[in-house]
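What follows is a short report on a single structure.
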Amino acid sequence: MSRPSRAPHLPRWRRVLALLGAAALALPLAACTRAESEGGTIALLLPDAKTARYETFDRPVFEDRVAELGDYRVMYTNADGDAAKQQQQAESALASGARVLVLDPVDSRAAASIVNQANAQGVPVIAYDRMIEGGRLDYYISFDNEKVGTLQAQALVEGLSAEGRADDGILMVNGSPTDSNAAQFRAGALEILEDAGLDILASYDTPDWSPDKAQDWVAGQLTRYGDDIAGVYAANDGIAGGAISAMKAENISPWPIVTGQDADLAAIQRILTGDQHMTVYKALKTQAERAADVAVALLNGDEVTAPTTVGGVPTTLLDPVAVTIDNIRETVVDDGFWTIEDICTSAYEDACARAGLQ
């Protein structure tokens, strides 16, 4: 997911996410605010630095919420897309006395060994954003991932139909093959794309969610299909950015419909200029704060409850929201995810004015 061109600040959150509804934001959690005099350490293990959201939102929001709850320490590491490195980081965290692991795995299958090691030491594990395929998990918090793919594909189909190009071909640039979420995004999208009868010219699973690898692959497809490409299903905003760079280099015309995910700042700005058709906004603050609440509760030995289960694991699944040029203000701006000042820098003032963002 594309890294913003400047380091954005984390805005002050002034209101809760209305789109999730009061019920979703009032999820039950038993006694998670009980103080613990001796504190304790929570390990937050995130998967990569190529994904802008992790350093911009997930980490600082999680750390801030834990600090609000008491005298606890967050031990943070980032695996830089390396499953072996994440394994070492987890082992180090356990050896250093971490009493809860909040784990967003690089490789959903390989991470089962981390869970098993934590289980052997009696350390609770929260699967954060991505499900882990093995071991005993204490909690899972993510989004409705098939719905993410559904929203992306619906926007792609509608965009192609509006341009009269529903009979033309599309490229499908999926997420990492080691990420369990990527398979769910793809499944949700394929159901819509196949029902619409769209011609999928070629499909690619992008290693490590790498924008560079997505760009190289799309460049190769442009050599083969050229201007016959009417749309690009890009699984996230980083991949979308890579695909767009490849198409700009070839001056492709007419410009394809391009999807995305994560509401990265660069993606919102690309939507304003017409380079990207849509993205998917996910309430990362809600996700990170919920994970922090659960982590502190588990550290204290308190009981946690959840609105649902996945594979027998107590689970919170939050709702994603499609963002186009028509609802930027009502979604990412009104919810404090980005401010008008973040979005409407000097290079985008005219585009913002045309979209009514002033």
Q) When you go through THR305, THR324 one by one, which is the residue that is within 24 Å of ALA230 (Cβ to Cβ) and surrounded by fewer than 16 Cβ atoms within 10 Å (Cβ to Cβ)? A) THR324
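In the stretch 213-233, which residues are assigned to a helix (DSSP H, G or I) and within 27 Å of the chain's Cα centre (by Cα)? Steps first, answer last, please.
We begin by selecting, within the stretch 213-233, every residue assigned to a helix (DSSP H, G or I); these are 213-228.
Listed by number, the residues that qualify are LYS213, ALA214, GLN215, ASP216, TRP217, VAL218, ALA219, GLY220, GLN221.
Is it true that some residue in the stretch 213-225 is surrounded by 24 or more Cβ atoms within 10 Å (Cβ to Cβ) and in contact with a strand residue (DSSP E or B) (Cβ under 6 Å, 6 or more places away or on another chain)?
Kept after step one, since they are surrounded by 24 or more Cβ atoms within 10 Å (Cβ to Cβ), are these residues of the stretch 213-225: 214, 218.
Now drop any that are not in contact with a strand residue (DSSP E or B) (Cβ under 6 Å, 6 or more places away or on another chain), which leaves 214.
Yes - at least one qualifying residue is present in the stretch 213-225.
Among the residues of the stretch 105-131, count how many are in a loop (DSSP other than H, G, I, E, B) and either among the aromatic types (Phe, Trp, Tyr) or under 25 Å from PHE143 (Cα atoms) (or both). Lay out the reasoning, then the answer.
So in the stretch 105-131, the residues in a loop (DSSP other than H, G, I, E, B) come out as 105-111, 121-124, 129-131.
Checking the rest, the ones that are also either among the aromatic types (Phe, Trp, Tyr) or under 25 Å from PHE143 (Cα atoms) (or both) come to 105-111, 123-124, 129-131.
Total meeting the criteria: 12.
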**Q.** In the stretch 129-153, the residues that are of a type in the set (A, V, I, L, M, F, W, C), over 14 Å from the mean Cα position of the chain (by Cα) and farther than 26 Å from HIS277 by Cβ
**A.** ILE132, LEU137
(Q) Consider the stretch 272-285. How many of its residues are at pLDDT 95 or above and out of contact with any Gly (no Cβ under 8 Å at 6 or more places or on another chain)? (A) 5
Q: Assess whether GLN261 counts as being polar (S, T, N, Q) and within 18 Å of the chain's Cα centre (by Cα).
A: yes
Q) Which condition breaks for ASP168 when tested against (1) out of contact with any strand residue (DSSP E or B) (no Cβ under 6 Å at 6 or more places or on another chain); (2) surrounded by 15 or more Cβ atoms within 10 Å (Cβ to Cβ); (3) over 28 Å from LYS282 (Cα atoms)? A) (1)
Q) Regarding THR41, is this residue surrounded by fewer than 16 Cβ atoms within 10 Å (Cβ to Cβ), in contact (Cβ under 8 Å) with a residue 40 or more places away in the chain and not charged (D, E, K, R)? A) yes
Q. Is it the case that the stretch 172-186 has a residue that's assigned to a strand (DSSP E or B) and farther than 24 Å from TYR54 by Cβ?
A. yes
Q. Here are some conditions: (1) hydrophobic (A, V, I, L, M, F, W, C); (2) buried (at least 19 other Cβ atoms within 10 Å of the Cβ); (3) out of contact with any Leu (no Cβ under 9 Å at 6 or more places or on another chain). ALA283 meets all but one. Which one does it not meet?
A. (3)
Q. VAL102 passes all but one of (1) assigned to a loop (DSSP other than H, G, I, E, B); (2) within 24 Å of ALA52 (Cα to Cα); (3) touching a residue at least 40 places away in the same chain (Cβ under 8 Å); which number fails?
A. (1)
**Q.** Residue check for ASP199: out of contact with any Phe, Trp or Tyr (no Cβ under 9 Å at 6 or more places or on another chain), outside the structural domain of GLY81 (by TED's automatic domain parsing) and either modelled with pLDDT of 95 or more or under 20 Å from GLN276 (Cα atoms) (or both)
**A.** yes
Q.
Can you tell me which condition VAL296 does not meet? The list is (1) touching a Ser or Thr at 6+ places or on another chain (Cβ under 9 Å); (2) surrounded by fewer than 23 Cβ atoms within 10 Å (Cβ to Cβ), and all the others hold.
A. (2)
**Q.** Some residue of the stretch 144-159 being small (Gly, Ala, Ser) and surrounded by fewer than 21 Cβ atoms within 10 Å (Cβ to Cβ)
**A.** yes
Q | Those strands (runs of 3 or more DSSP E) lying entirely in the stretch 265-358 with at least 2 residues in contact with a helix residue (DSSP H, G or I) (Cβ under 7 Å, 6 or more places away or on another chain) | A | 279-281, 313-318, 321-323
(Q) Just to verify a result, which residue in the stretch 25-60, among those that are touching a Lys or Arg at 6+ places or on another chain (Cβ under 7 Å) and farther than 21 Å from TYR72 by Cα, is modelled with the highest pLDDT? (A) ALA52
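The values are calculated or read from the model by the stated rules, or taken from the named source; none is laboratory data. Just so we're clear, the structure is a prediction, and the values are computed from it rather than from any experiment. We place every Cβ from the backbone using ideal geometry, glycine too, and count neighbours over all the protein chains shown.
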